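A quick write-up on the structure given underneath.
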Amino acid sequence: MSIGSAQLTALVELISSSVREVIAAYSDARQDSPLLNLLDEGPLEIPATTPPNVTKARQIIEAACAQLCATIAQSGDCIVNYTKSACLQVTVDMKIFDLLLNKPKSLAVEEMAKLSGINAGKLGQVLRFLVTKHVYREVQPNVYTNNTLSMKLLSSDPVCFSIFVHYQPSYSTYMWEALVDEKYSSSYDPSQTAFCKVNGAPFFEYYKKCRFSSAMIGWRDITDRGLLPKMYDWQSLVHNAVVCDVSGSNGHVALDLLKEYLKLKIVVQDLEDLQTRWSELKELPDMIQQARTAFIPIDFFKDAPVKDCNIYYIHNILHDWLDESCVKILQNVKLSMKPTSRILILCFVANHQEALARDGDDLAPEPLLPNYGNGRIQQYNLDVNLMICFKSKERTLKEFIDIGWVLTRYSSCLSNVIEICILL
């Protein structure tokens, strides 16, 4: 058997064995195996309640399927594949997903066009493309209904805001102009990005904090919803230990921790205009009355957080900023730390293929790419988005250390957990 044939056979076998593992997990959970036509979300679709072997099997399936398609398909078919995000933005902006909600069967394009104000012929082209990508279901020509994927893009689901923030095609197409522009190319000024070039304002100023906060809730639903209680040995902390959620948005992530560990107290710190959104969380009144949580405004570039907390938790914040800004944030945290305090960082850690193959850290099975390829594509999508929007990036573990941090623990999971005791 030739090398090419052996690799194709190995990819098919990886897909088959991993699919069997997923089917077995659903059977053990007394849950039907996945179907795109289902509208309800089960426990194995939520990161926190998904067993690690199922997560790994899914990553292998995604990676192997993508690699198999890329190997067999004509090269041009693989390269020309940039239409999906633009079509998604059209349907999210016009709330097409919402129009289909609660319809007993389906809705014709002509009726959706009247309700949304979009030309029926052009809307039909957009929907026809998305159906081919398994978003929506076409029940007869030009008649559509929601499916598993489209339900995540309802305006009531925070995931839809991630389409606005993370996958806007308009500023992505300006990446080339920003890279070859003499003024923009060599600059690491956050006001000279591809995003600014197309939108005329820096990222946070353009979206304002409220919309960005909603998008982050959606992003966390996709990547690590409910995982915080599982990412650290919280039980080892003393009774009434205080966790400070630095730049914690409206506090929705911290609430997961409070629900599971009754002995903890949490202080959420972020910009003052987010305090209203924090106070709207349904679970808060009892927790505030029990003095288990509070919101204290902070600008993490100017202010030190609450003093003497046991844990300072920083979730997917540092990748938005250049090294000097990250050092400033962490130096302010250091001012508040007592000798036993720790900084807990949850973030993606970028990996180079060659370094992974050499160091053997969490390698994917051959013949997959060592970093699981398409199975973990989110962090590499985000890495490029960070360059486009902020001139920043996802860092490698070495780059974290080179900034001057002393790491006491590093573990790899869906995201990566880094524990720091001292910032040099």
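Details
- Within region 363-407, being polar (S, T, N, Q), over 15 Å from C326 (Cβ atoms) and assigned to a loop (DSSP other than H, G, I, E, B) holds for one residue alone: N371.
- Among the residues of region 13-37, those that are surrounded by 12 or more Cβ atoms within 10 Å (Cβ to Cβ), touching a residue at least 40 places away in the same chain (Cβ under 8 Å) and either over 27 Å from the mean Cα position of the chain (by Cα) or in a loop (DSSP other than H, G, I, E, B) (or both) comprise P34, L36.
- Restricting I296, I345, I314 to those that are modelled with pLDDT of 90 or more, hydrophobic (A, V, I, L, M, F, W, C) and crowded, with 16+ Cβ neighbours inside 10 Å reduces the list to I314.
- So D40, is it touching a Leu at 6+ places or on another chain (Cβ under 9 Å), exposed (fewer than 13 other Cβ atoms within 10 Å of the Cβ) and under 29 Å from L154 (Cα atoms): no
- Among the residues of region 123-138, the one identified as outside any helix (DSSP H, G or I) and modelled with pLDDT of 90 or more is E138.
The values are calculated or read from the model by the stated rules, or taken from the named source; none is laboratory data. None of the values given here were measured: they were computed from a predicted structure. Virtual Cβ from ideal backbone geometry, glycine too; neighbours counted across all protein chains shown.
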